[in-house]
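The values are calculated or read from the model by the stated rules, or taken from the named source; none is laboratory data. Model, not experiment: these values are computed from the prediction. Because the Cβ atoms are built from the backbone with ideal geometry, glycine has one as well, and the counts that use them run over all protein chains shown. Ligands, DNA and RNA are excluded from the accessible area calculation, which covers all protein heavy atoms including side chains. Shrake-Rupley method; radii C 1.70, N 1.55, O 1.52, S 1.80 Å.
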Amino acid sequence: CCTSFAFAQEKQLTIGFDAMNVVFTWMKFAHDAMVEKAEELGVKLIVFDSENDIAKQSSNMEDLIALGVDGIVANPIDVDSLTPAINKAAEAGIPVATFDRAAVGANYTFYVGCDDVAGGRMVADFIAEKLGGKGKIILITGSPGSSPQLDRSKGFKEQLKNYPEMEIVFEQTGEFFREKGMQVMEDAITAVPDFNAVMCQNDDMMMGAIQALKTAGIDRSQYVITGFDGVPDGLRAVRDGEADCTVQYPIAQAPEVLERLVRYLRGEEPAEKDYEMPPWIITKDNLETGDFYSLIADE
């Protein structure tokens, strides 16, 4: 309580949030968590939705610079696209904190994220354990070039090297969208009908993949289905036996990055430049550890 009260006593800060979008399920929750944190800290938050458009995200950043905000939070659509705009903000003396997604080579002040490489490794081990180290995997990846897509793929593929009898037989992007995940799964079922597991890089795509299996009349219990993010639908799928696990992508990244930026603007140096929260696997056995479990607990 007391820190927030102390912040509120000083000049009100204005923070810009250049969001990659606010339509992905996880991003809706991240946006709400950041808005709530801004109220608690007594700062004014200006949110710009970039709608997954790289050019729009850069122009939103320039608009925030022109508005003369005190600081900016951004989650870059991909690892390179926002770097020039972030560097412009830094030249204008406006600190930029990235969260959820990294900006490689940019002059950002600090980054708060999740260890997605570790998350990818966890899923590989989970599938291997379920399949006895042997099987064919369909990999449905997220938005190409985004740090979650790159890092989840990296960890997953690196860890699979420990299981020589497991292989990825089909890989395509669903761009983190449910509809696209469903389409990719439909293609995969046709291309490799003898698959054993599906690794989806977010829960929205996993829900699409589950729908594709249902539509095709396939008995899902024969396969290992995994998601990522730990959003309510993902937790429901695990609870109801439609999926085997999801990985919690901590929602705490959103309030944490805002709090660190406010502290920085108030004169505190960030504890570290790059801070990554640990993800964890959620199965039926530890469903209640999910960030959003309270939203499905009474159903």
Can you find a residue in region 60-67 that is closer than 30 Å to LEU160 by Cβ, open to solvent by 10 Å² or more (accessible area, probe 1.4 Å) and of a type in the set (A, V, I, L, M)?
no
Odd one out for LYS284, checked against (1) surrounded by 19 or more Cβ atoms within 10 Å (Cβ to Cβ); (2) without any contact (Cβ under 8 Å) to a residue 60 or more places away in the chain; (3) among the charged types (D, E, K, R)
(1)
Residues that are over 13 Å from ILE225 (Cα atoms), small (Gly, Ala, Ser) and surrounded by 17 or more Cβ atoms within 10 Å (Cβ to Cβ), drawn from region 182-203
ALA188
Complete set of residues in region 80-102 that are in contact with a Phe, Trp or Tyr (Cβ under 8 Å, 6 or more places away or on another chain) and small (Gly, Ala, Ser):
ALA90, ALA97, ALA102
From ILE46, ILE77, ILE138, residue being in contact with a Phe, Trp or Tyr (Cβ under 8 Å, 6 or more places away or on another chain) and over 20 Å from PHE170 (Cα atoms)
ILE46
Residues of region 212-232 being open to solvent by less than 40 Å² (accessible area, probe 1.4 Å) and either of a type in the set (S, T, N, Q) or not in a loop (DSSP other than H, G, I, E, B) (or both), in sequence order, are ALA212, LEU213, VAL224, ILE225, THR226, ASP229, PRO232
Residue check for ILE72: surrounded by 19 or more Cβ atoms within 10 Å (Cβ to Cβ) and farther than 23 Å from ARG178 by Cβ:
yes
So which residues in region 75-125 are farther than 20 Å from LEU64 by Cβ, out of contact with any Gly (no Cβ under 9 Å at 6 or more places or on another chain) and open to solvent by 30 Å² or more (accessible area, probe 1.4 Å), if there are any at all?
VAL104, GLY105, ASP125
For residues that are assigned to a loop (DSSP other than H, G, I, E, B), touching a Lys or Arg at 6+ places or on another chain (Cβ under 8 Å) and closer than 16 Å to PHE24 by Cα, tally how many sit in region 195-211.
1
Scan region 248-264 and tell me whether some residue there is open to solvent by less than 10 Å² (accessible area, probe 1.4 Å), of a type outside the set (Asp, Glu) and part of a strand (DSSP E or B).
yes
Every listed condition ((1) modelled with pLDDT of 95 or more; (2) open to solvent by 10 Å² or more (accessible area, probe 1.4 Å)) holds for ALA243 save (2)
Would you be able to tell me the number of residues in region 267-281 that are touching a residue at least 60 places away in the same chain (Cβ under 8 Å) and open to solvent by 60 Å² or more (accessible area, probe 1.4 Å)?
7
Name the single residue that is farthest from ALA38 (Cα to Cα) among those in region 246-273 being modelled with pLDDT of 95 or more and among the acidic types (Asp, Glu).
GLU256
